[in-house]
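The structure appears right after this line, and notes come after that.
The values are calculated or read from the model by the stated rules, or taken from the named source; none is laboratory data. All values derive from a computational prediction rather than experimental measurement. Methodologically, a virtual Cβ is constructed for each residue, glycine included, from the backbone with ideal geometry; neighbour enumeration extends over all protein chains shown. These area figures cover heavy atoms from the full protein model, side chains too; ligands, DNA and RNA do not enter into them. Shrake-Rupley method; radii C 1.70, N 1.55, O 1.52, S 1.80 Å.
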Amino acid sequence: MVARRRALAFEAAFSSFRDIYAVDLADRTKPKLNRLTDHPAGNYEPAWSPDGRRIAFVSSRDGNAEIYVMHADGSEPRRVTHFQLDDWGPTWSKDGGLLAFVSNRESADRIFLCKPDGSELRRLTADKSEPGAKFEPAEAEPTFTPDGQALVFSTRTGPQQGALRRADLATGAITPLTAGTSSDREPTFAPDGKLLVFASDRDGDPELYLMRPDGTGVTRLTERKGVDWLPRWSPR
C-alpha cells in the first residue's frame, strides 16, 4: 500500500484477479473508494508521482508484466515499457522526471531507467556483473537519493548475500556502501537525505541498521529475536 497526501492507492482482488484502487481520505468519516483499473489481467504495485498527479503501476494486460502510468483518477493509462519479458517495481525520482524499475529482459534482474513516457530507456549499471562475481547481480529495490543525483539499490553477491550500491546518475559511477558479506537490503532514505536505513542479517538475525549515505557510521537500530525488515520513514 502506498500513501500520498490524503489518498491511498492499493491493489486488491475485490471483484477481479487484481486491480488498483484508491481511497480518498479528505473526509475520514466517509472515505471514498475509487477503482482506478478495470482489467481481467493483473494490475500491481502502484507508485505515486511526487506531485500526486500520476500513478505508475505494473500490468500484464498486454501479455506480460509491463510498466504503465495513469492519471491519479485512473484515466488515460499509458504503457511505458515494451518488451516480451517482465518489468516491475516502478519508483519515481524526486522531481518526477525519471522512473526506475527492475526487469529480467537480459535474463537477469537488472535496474533500468526511463522518462515517464518511456523515452531515454537505459540500464543503470554498465557491466553484466561485478569483476570476479560468480553470481548474476539480481539488482533490486531501487531508491532515488533525495537530491535526485543518484540511486541506491541492492545487488546479489553470493547464494544468500547481497550488498548495497550507489549509482551516480550523471556518470554511472558505482560506489559500494556495504561489503556484501551478509544480506543487506531494503535501503530507505530519510526525507532530508542525511541518513539511510536498511535491513541486514550481518549479526546473525535480520535487524535494522542506520548509516550515512556514503556507507559510513553504521549503527544497529534493533536488537531482538525475530526478523525486522521493511523500514519506512515518517515524512518529517
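On the beta carbon distance between GLU223 and THR175, with R0 = 35 Å, the FRET formula returns roughly 0.80. With all protein chains in place and a 1.4 Å probe, the accessible surface of the stretch 47-171 carries 46 percent carbon and sulfur. SER200 sits among other residues whose Cβ lies under 15 Å from its own Cβ, and their net charge, with Lys and Arg +1 and Asp and Glu -1, is -3. The order of SER15, SER59, SER75 by accessible area, most exposed first and with a 1.4 Å probe, is SER15, SER75, SER59.
The radius of gyration of the Cα set in the stretch 101-236, together with its Dmax, comes out at 14.9, 46 angstrom. Normalised per residue, the accessible area of the chain is 53 Å², obtained with a 1.4 Å probe and no contribution from ligands, DNA or RNA. Please return the longest range in the chain lying between exposed loop sites, taking GluC sites (Glu not before Pro), DSSP loop only, at most 10 other beta-carbon atoms within 10 Å, and leaving the sites out. Free of exposed loop sites, the longest segment is 1-119. With R₀ set to 45 Å, the beta-carbon distance separating ALA26 from GLN160 gives a calculated FRET efficiency near 0.50. The average projected area of the stretch 81-162, computed from the convex hull of its Cα atoms over all directions, is 5.6 nm². Of the accessible area of the stretch 173-217, computed with a 1.4 Å probe over protein heavy atoms only, carbon and sulfur atoms account for 53 percent. Model label points for ARG53 and SER234, set 7 angstrom from Cα along the Cα-to-Cβ axis, are 3.1 nm apart. Note on the chain: Kirkwood hydrodynamic radius from all Cα pairs is 18.7 Å, rounded to one decimal.
Each peptide in 96-103, 151-158 gets a packing score, the mean of other Cβ atoms within 10 Å over its residues, and the list from highest to lowest is 151-158, 96-103.
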